[in-house]
1. Do you know which of the residues in segment B:14-60 that are touching an Asp or Glu at 6+ places or on another chain (Cβ under 6 Å) and assigned to a strand (DSSP E or B) is most open to solvent (accessible area, probe 1.4 Å)?
2. Does A:Arg255 meet the test of being open to solvent by 60 Å² or more (accessible area, probe 1.4 Å), charged (D, E, K, R) and part of a helix (DSSP H, G or I)?
3. Considering only residues that are within 11 Å of chain B (Cβ to nearest Cβ) and assigned to a loop (DSSP other than H, G, I, E, B), which ones fall in segment A:170-229?
4. Out of all the residues in segment B:88-128, which are within 14 Å of chain A (Cβ to nearest Cβ), farther than 21 Å from A:Gly215 by Cβ and not aliphatic (A, V, I, L, M)?
5. Only one of B:Ile108, B:Ile133 is touching a helix residue (DSSP H, G or I) at 6+ places or on another chain (Cβ under 9 Å) and closer than 29 Å to B:Asp61 by Cα. Can you tell me which?
6. Of all the residues that make up segment A:149-176, how many are aliphatic (A, V, I, L, M) and open to solvent by 80 Å² or more (accessible area, probe 1.4 Å)?
7. Considering only segment B:163-172, how many residues are open to solvent by 30 Å² or more (accessible area, probe 1.4 Å), in a helix (DSSP H, G or I) and either closer than 15 Å to B:Ala31 by Cα or touching a helix residue (DSSP H, G or I) at 6+ places or on another chain (Cβ under 7 Å) (or both)?
8. Out of A:Leu136, A:Leu180, I need the residue that is touching a Lys or Arg at 6+ places or on another chain (Cβ under 8 Å) and over 15 Å from A:Leu81 (Cα atoms). Which one?
Amino acid sequence: MRHKKLIFFSLIFVCAALMLAYIFIGLTPDNWAFNFPRRLKIMAAIVVVGAGVGLAAATFQTITANHILTPSIMGLDSLYLFLQTIVVFLFGSGQLVMMNDIPGFLLTLLLMIGASAALFICMFRKEGQNIYFLVLVGFVCGTVFSGLASFMQVIIDPSEYSVLEGRMFASFNRINMQLLWIAAGIAAVSCLISILDFKYLDVLTLGRNHAINLGVPYQRVVLRTLVCIAVLTSAATVLVGPITFLGILAVSLGRALVQTYRHSMLAGASALVAITVLILGMFVTERALNFTTPLSVIINFIGGLYFLFLLLRAKNT
Amino acid sequence: MIEVQNLTKRYREKEVVSNVSLTLPTRKIVAFIGSNGAGKSTVLSIISRLIAASEGSVLIDGVELGKWDTRELAKNLAILGQSTHFSIRLTVEDLVRFGRFPHSRGKITEQDRHVVRQALEYTGLTELKNRFIDELSGGQRQTAYIAMAIAQDTKYILLDEPLNNLDMQRSAQIMRLLRKLVDEKGKTVLIVIHDINFVSFHADDVVALKHGKLAAMGTVSEIINPDVLRDIYGMDIAVEDYKGKSLCIYYQ
């Protein structure tokens, strides 16, 4: 246990060190006024997205009793792209730019939360679904949404499409401060609700029957957690855009590092890994590649490879 | 006391338990017997709120199952299902500590630690407490689950086929442990079991189910005789006397 705590605290240390490094490296008195507030804003967004995605991925894996799925992989990201595309398709790209204001943001968020909560609850309502069925449903939903999205993408005006394309890759560089505050508030509330349920989620590691036996109000906890997951994932996606494989990377590395069923540490480690990965990704895009490659491409490349590795390893055991 | 009234469970059209009514004694080992698919596990799962009944009701200490607060019920009734695979590695001690959850709500106190130590001691697992569950043999794993139920400190302990896949020595050990729980700690043990010789040697009462209906109910000496067993299993089983206990011979 002490050993695990040590790893956990080193993780916090590494994360904090990277944050400071990102903010202060290359900062001179000349560029201070421009870079300092900008980097603080990016860092705040990274914390909101990383904490939300990390925690949601960890709790999602617990209640679905699997180690290879996350909400994004289950089709939430395709849903987001679908919603963005349908707005451009129906109302034109002017509307999409408008969606960067508060009502637009809240509307997208609500749609995302509603649709994903509905999707999850339908999937998990029946008892004893096997995990392969869920994987299949997730991929089918994802394919349907992205199929519909690309259908609309090919028939809209090419200039409209180029506006839309900007939305298809996550970016921390065009964040609206007000939206950041709203997303942070919503994410904080959901995180808090999940944190209060951590003691139940610890027991849920043993599976449904043991959890009921030990007096966990199973239905209520699962429903509440699924809603929190929908809110957290949606808030992160609507704020910066889809980063499909961030969650799986965060939770798998986090779990491998702390190796515990305790969610205070597991979800914490997962969130810290997500934040660390995002900062490292920002370093690479900003300082090494000079913005030529979007952040999400880098993270999805690494995360996707890792996901394949997990699948292959699961096949062998 | 556990009472079951007109219990029925349907999956779509198929009735797996039909109109079963039981009043179960306390401080006894009650064995549920019957062929595969007779509805034994279903009845046990309904009593322990793992699955919902289609009709009928279950009363535990006079209170209807649905009216129990699930946390309070967890302090009174423990169910051990057929063992499951965990997605994370747990040590024996971790598992047994989970048994304290209904009492401590996740914050382990000194009292809880004491109970966990005692449960490990009682089941003879103290030396294995730091081993991982997936490194144990089937019998040791089953014993660890029972230790968890002991730590849960409930009046009623329900076990669904705890002897599955265990060798004879381990099976006898577990039955002796359950006997000890009833005799020394005054627990009530309900157990789904296939080997009727273990029933004959260790149980007090028997509930026999057939095609989802109650086929027979009574003390061991009333049930373990060729006529009743023929009704339950539809085969001839010779019953011989061995040192005052009945021994069933069903191998021919």
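The values are calculated or read from the model by the stated rules, or taken from the named source; none is laboratory data. Keep in mind that what you see is a predicted model, and the values were worked out from it rather than measured. No Cβ is skipped: glycine too gets one built from the backbone with ideal geometry, and neighbour counts run over all protein chains shown. Accessible surface areas use protein heavy atoms only, side chains included; no ligands, DNA or RNA. Shrake-Rupley method; radii C 1.70, N 1.55, O 1.52, S 1.80 Å.
1. Here the residue is B:Thr23.
2. Against the criterion (open to solvent by 60 Å² or more (accessible area, probe 1.4 Å), charged (D, E, K, R) and part of a helix (DSSP H, G or I)), A:Arg255 does not qualify.
3. Across segment A:170-229, the qualifying residues are A:Asp197, A:Thr205, A:Leu206, A:Gly207, A:Leu214, A:Gly215, A:Val216, A:Pro217.
4. Scanning segment B:88-128 gives B:Arg89, B:Thr91.
5. B:Ile108
6. Summing the residues that are aliphatic (A, V, I, L, M) and open to solvent by 80 Å² or more (accessible area, probe 1.4 Å) in segment A:149-176 gives 2.
7. Going through segment B:163-172 one residue at a time, the tally reaches 1.
8. Result: A:Leu180 is the single residue among A:Leu136, A:Leu180 that is touching a Lys or Arg at 6+ places or on another chain (Cβ under 8 Å) and over 15 Å from A:Leu81 (Cα atoms).
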